[in-house]
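Reviewing the structure listed below.
The values are calculated or read from the model by the stated rules, or taken from the named source; none is laboratory data. In this text the structure is predicted, and so the values were computed from the model without any measurement. We place every Cβ from the backbone using ideal geometry, glycine too, and count neighbours over all the protein chains shown.
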């Protein structure tokens, strides 16, 4: 389906965008890929690294519809990954989260529809489920805007994917623990019983490609992943690096959930189990009675969280961590 097709990736210089683009180069016969972002330095570095004439770079900001619109011309598929992702930044400057994560997403969706793009896949986060911080609230609104667009615009397919923190992504707990081990410091755990999904970047990319190939307009997809406690993750890294750094409990931080939620219980009653994924289809009607007068009997469900997902033990966590190139490199350098 990618043969001679043009793809546009907003936020394409981020870790997700770079992994997606490299996978497209290696495994798919695409026509052209457009990297859309506002970071000229990262675009320059990618251009030198990839040296691929089929990849073009477009400087722009999703906040500015006038810069997004010309980038969409001739595009077949869009992956919308541009976002403000750091919880403290969004919490201290919530209007900036609104401008990028909500209004910026609206610009991308509008420009894609006007340009006749075939399909748009929007990237969301576990923090959009029962949101407790500005980042999650802004992403939850982005999901609602995407679903509203899917109801009203029939020519372009709009769907969403939702996943938690990717292992070894910037700002996540694993690189923090590795840095503390390298500097002979205690591993700081907010709550040893706190659970997190263990999802690789490759699996996050697979989720997006699955949504692109299988998604109907309004669909929301979740990738299944194993879970573990942060205390177990810390102990697994101590074992891998063969050190005796203590584990220090510092308490839950502001805006932090005890468990990640990828699907609320209300959504899980309608979700379809696709073995490796969940699909949450959208009701595309404008039936106000469902919100005012009509009710329905729903089965007992508990949603899908890092607490009730399949859990793995410390030995299995170690094996999973060893599949990460970053861990392999860090271990090699540490043991020299």
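I'd like the residue in region 141-170 that is over 23 Å from residue 216 (Cα atoms) and in contact with a strand residue (DSSP E or B) (Cβ under 8 Å, 6 or more places away or on another chain) and, out of all such residues, is surrounded by the most Cβ atoms within 10 Å (Cβ to Cβ). Show your work before the answer.
Within region 141-170, the first condition is being over 23 Å from residue 216 (Cα atoms), and the residues that meet it are 165-170.
Right, trim to in contact with a strand residue (DSSP E or B) (Cβ under 8 Å, 6 or more places away or on another chain) and you get 165-167.
Values: 165: 22, 166: 22, 167: 25.
Among those residues, the one meeting the criterion is 167.
The single condition among (1) under 22 Å from residue 201 (Cβ atoms); (2) loosely packed, with under 10 Cβ neighbours inside 10 Å; (3) under 24 Å from the mean Cα position of the chain (by Cα) that residue 254 does not meet is (1).
Could you please let me know if residue 5 is over 20 Å from residue 201 (Cβ atoms) and without any contact (Cβ under 8 Å) to a residue 60 or more places away in the chain? If you could, list the steps in order and put the result at the bottom.
Numbers: over 20 Å from residue 201 (Cβ atoms): yes; without any contact (Cβ under 8 Å) to a residue 60 or more places away in the chain: no.
No: the conditions fail for residue 5.
Could you list all residues from region 214-230 that are surrounded by fewer than 19 Cβ atoms within 10 Å (Cβ to Cβ) and more than 21 Å from residue 270 (Cα to Cα)?
Matches in region 214-230: 226 only.
When region 253-270 is filtered for residues that are more than 16 Å from residue 172 (Cβ to Cβ) and part of a loop (DSSP other than H, G, I, E, B), the ones remaining, listed by number, are 254, 258, 264, 269, 270. Residue 210 meets the conditions (1) crowded, with 19+ Cβ neighbours inside 10 Å; (2) more than 15 Å from residue 255 (Cα to Cα); (3) in contact with a strand residue (DSSP E or B) (Cβ under 7 Å, 6 or more places away or on another chain) in every case but one. The failed one is (1).
So residue 312 fits all but one of (1) more than 22 Å from residue 158 (Cβ to Cβ); (2) modelled with pLDDT under 70; what number is the exception? Just one mismatch for residue 312, condition (2).
Out of all the residues in region 54-66, is one or more within 18 Å of the chain's Cα centre (by Cα), crowded, with 17+ Cβ neighbours inside 10 Å and at pLDDT 95 or above?
Residues of region 54-66 that are within 18 Å of the chain's Cα centre (by Cα), as a first pass: 62.
With crowded, with 17+ Cβ neighbours inside 10 Å added as a condition, the list becomes 62.
Still in the list and also at pLDDT 95 or above: 62.
Yes: region 54-66 contains one or more residues that are within 18 Å of the chain's Cα centre (by Cα), crowded, with 17+ Cβ neighbours inside 10 Å and at pLDDT 95 or above.
Only one entry in 124, 138 is surrounded by 19 or more Cβ atoms within 10 Å (Cβ to Cβ), at pLDDT 95 or above and under 30 Å from residue 27 (Cα atoms), namely 124.
Any chance you could count how many residues in region 15-44 are over 20 Å from residue 210 (Cβ atoms) and in contact (Cβ under 8 Å) with a residue 12 or more places away in the chain?
Residues of region 15-44 that are over 20 Å from residue 210 (Cβ atoms), as a first pass: 31-32, 34-44.
Pick out the ones that are also in contact (Cβ under 8 Å) with a residue 12 or more places away in the chain and you get 31-32, 34-40, 42-43.
Of the residues in that region, 11 qualify.
Can we say residue 173 is at pLDDT below 90, farther than 30 Å from residue 270 by Cβ and either under 21 Å from the mean Cα position of the chain (by Cα) or surrounded by fewer than 21 Cβ atoms within 10 Å (Cβ to Cβ) (or both)? In short, yes. A single entry from 20, 50, 73 fulfils the requirement of being under 18 Å from residue 114 (Cα atoms) and touching a helix residue (DSSP H, G or I) at 6+ places or on another chain (Cβ under 9 Å): 73.
I'd like to know if region 303-322 contains one or more residues that are within 28 Å of residue 136 (Cα to Cα), touching a helix residue (DSSP H, G or I) at 6+ places or on another chain (Cβ under 9 Å) and surrounded by fewer than 12 Cβ atoms within 10 Å (Cβ to Cβ). The answer is no; no qualifying residue exists.
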